[in-house]
């Protein structure tokens with residue numbers, strides 16, 4: 001598409017061919033469609049199509065080897081729902097996502113408020129705090145794999161040096177059910193905390209100074225100031241941070257894949273990792289798709305909530 | 001009993017710094033640990049009674065030598081760069097015009113469409129990877145880096161479109177209108193005037209696309225099977241960890257090298273990232 005057709009000379013509309021193109025390129029309506037069309041088409045093909053297939057697969061008997069799709073109704077869902085593995089994974093998903101996200105929001109708010117004040121070396125602190133979010137998740141998590149190693153864990157060494165545990169009492173951070181869940185939650189928090197913090201910090205810095213000054217003049221205590229002025233003002237942005245975090249927590253499998261592979265005894269297995277092991281490693285595409293589809297209602301809820309926040313912000 | 005104000009201020013200050021110190025320690029410790037481990041001898045690492053915080057034996061570069069010469073690490077970095085550059089190309093080609101259209105041309109329905117595009121960024125790979133793996137197989141792209149080049153724009157385009165839309169909205173309309181009065185078409189004004197002054201925004205989009213490509217794990221794990229075709233985020237955890245022996249020194253070196261330089265670069269752009277996340281949703 002030539003951008004030069006109508007450019008240059010003072011009397012541009014000369015020939016008939018270029019004129020049609022020119023009017024197309026000048027009409028905001030058509031130019032808009034032309035410019036956004038390719039992106040929309042790409043997304044429809046690479047996100048929309050697999051998404052529809054994901055739903056179709058869940059109702060079919062498709063496997064890695066089979067060439068056709070034959071429909072089996074709700075069979076996959078019934079099969080899946082009946083297994084203890086799935087029930088455990090479903091419960092774990094909720095425990096993992098909700099506990100992690102509550103921690104992220106509380107810690108993120110505390111950290112964001114602490115970072116609001118200026119101090120020396122703030123840029124360095126910010127860089128270090130951002131590291132877990134920016135570094136490839138799988139690689140950061142391997143760092144933890146070494147820190148939590150069953151034989152050489154630096155945490156155990158330190159606890160022993162402090163006299164808190166004995167040499168034969170080293171904790172198996174990733175090998176004991178509750179401890180393993182605690183570890184994967186902690187590491188997920190570690191990774192998402194920077195994102196929540198910077199989003200919340202963005203919200204906090206956008207509050208006009210006069211509001212804080214007015215509260216100070218009125219003699220509001222720290223607690224009152226925080227709970228009745230600051231937090232209500234950043235509520236919409238907290239919602240955004242919370243919703244994004246929830247989506248990441250519910251759908252992520254990387255931390256769990258690298259640290260525990262769902263073990264010990266599926267006590268850290270979540271829907272996303274179970275879908276991977278069933279659908280890809282075991283080759284049962286249909287059942288894997290059915291498991292993954294349980295993530296969908298949740299995503300829908302988050303999308304609706306997000307749209308409502310967006311609309312409310314637009315109105316006010 | 002009254003506490004002197006100076007003391008109270010000092011306590012508050014100490015508490016504030018202590019709090020920040022704790023958070024920083026939590027965030028940065030694994031990377032510090034990677035760095036320390038990189039230069040440790042294996043015999044030093046694998047003795048439980050050794051103090052792990054210090055070098056009980058002299059530091060060594062052996063782990064780095066192994067990483068660079070005895071593993072496929074360099075190849076994985078190259079693969080990642082190859083995919084990254086191509087994905088950046090595809091993303092810019094589609095997201096720059098789309099972002100401009102949403103900012104200027106499409107009006108009301110464009111706003112809805114923009115939110116719709118952004119929401120596709122939230123559709124997780126864990127929902128799509130199963131049908132995707134078969135589509136990739138049908139296209140004959142199994143175990144090929146081109147499968148990643150094809151699929152990664154599915155999340156980089158939505159994100160960058162949204163980000164660039166914010167940039168284009170901030171450009172004064174007068175600039176384009178002046179160009180149009182000078183005889184440029186609307187599209188001509190976009191190419192000649194808007195793009196040159198949006199280079200900062202486009203650079204931001206490039207950085208984010210590259211980091212998203214580096215971080216991606218699930219698709220690469222699903223589509224790629226041969227060790228030499230891995231990207232760095234999958235190659236290190238699957239190939240280096242699941243050998244019989246853990247080479248912790250080389251492993252930590254591989255993690256550190258692929259994490260920290262990008263993070264430092266990214267730090268310069270993070271404010272734009274935040275506005276990318278919240279623009280439109282929050283005013």
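The values are calculated or read from the model by the stated rules, or taken from the named source; none is laboratory data. Predicted, not measured: the structure shown is a model, and the values here were computed from it. Ideal geometry is used to build each Cβ from the backbone, glycine not excepted, and the neighbour counts take in all protein chains shown.
Just one of (1) closer than 25 Å to residue A:171 by Cβ; (2) buried (at least 18 other Cβ atoms within 10 Å of the Cβ) fails for residue B:46. It is (2).
Selection of the range B:224-248 for residues being in a helix (DSSP H, G or I) and at the interface with another protein chain (Cβ under 10 Å from one of its Cβ atoms) yields B:232, B:233, B:234, B:235, B:236, B:237, B:238, B:240, B:248.
Close Cβ contacts (under 8 Å, 6 or more residues apart or on different chains) running from residues in the range B:182-203 that are at positive phi to residues that are surrounded by 17 or more Cβ atoms within 10 Å (Cβ to Cβ) comprise B:183/A:6; B:183/A:7. In the set (1) without any contact (Cβ under 8 Å) to a residue 12 or more places away in the chain; (2) buried (at least 23 other Cβ atoms within 10 Å of the Cβ), the condition left unmet by residue A:214 is number (2). For the range A:115-138, indicate whether the set of residues that are more than 10 Å from chain B (Cβ to nearest Cβ), surrounded by 12 or more Cβ atoms within 10 Å (Cβ to Cβ) and part of a helix (DSSP H, G or I) is non-empty. Yes: one or more hits.
Can you tell me how many residues in the range B:98-124 are touching a helix residue (DSSP H, G or I) at 6+ places or on another chain (Cβ under 6 Å) and more than 8 Å from chain A (Cβ to nearest Cβ)? Matching residues across the range B:98-124 total 5. State which residue is surrounded by the most Cβ atoms within 10 Å (Cβ to Cβ) when the search covers only the range B:80-94 and only residues that are more than 20 Å from residue B:234 (Cβ to Cβ) and touching a residue at least 60 places away in the same chain (Cβ under 8 Å). It comes out as B:91. Can you name the number of the only condition in (1) part of a helix (DSSP H, G or I); (2) farther than 29 Å from residue B:214 by Cβ that residue A:220 fails? Only one criterion is unmet by residue A:220, namely (1).
Condition check ((1) closer than 21 Å to residue B:137 by Cα; (2) at pLDDT 75 or above) across all residues:
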position	(1), (2)
A:3	no, no
A:32	no, yes
A:52	yes, yes
A:56	yes, yes
A:65	yes, no
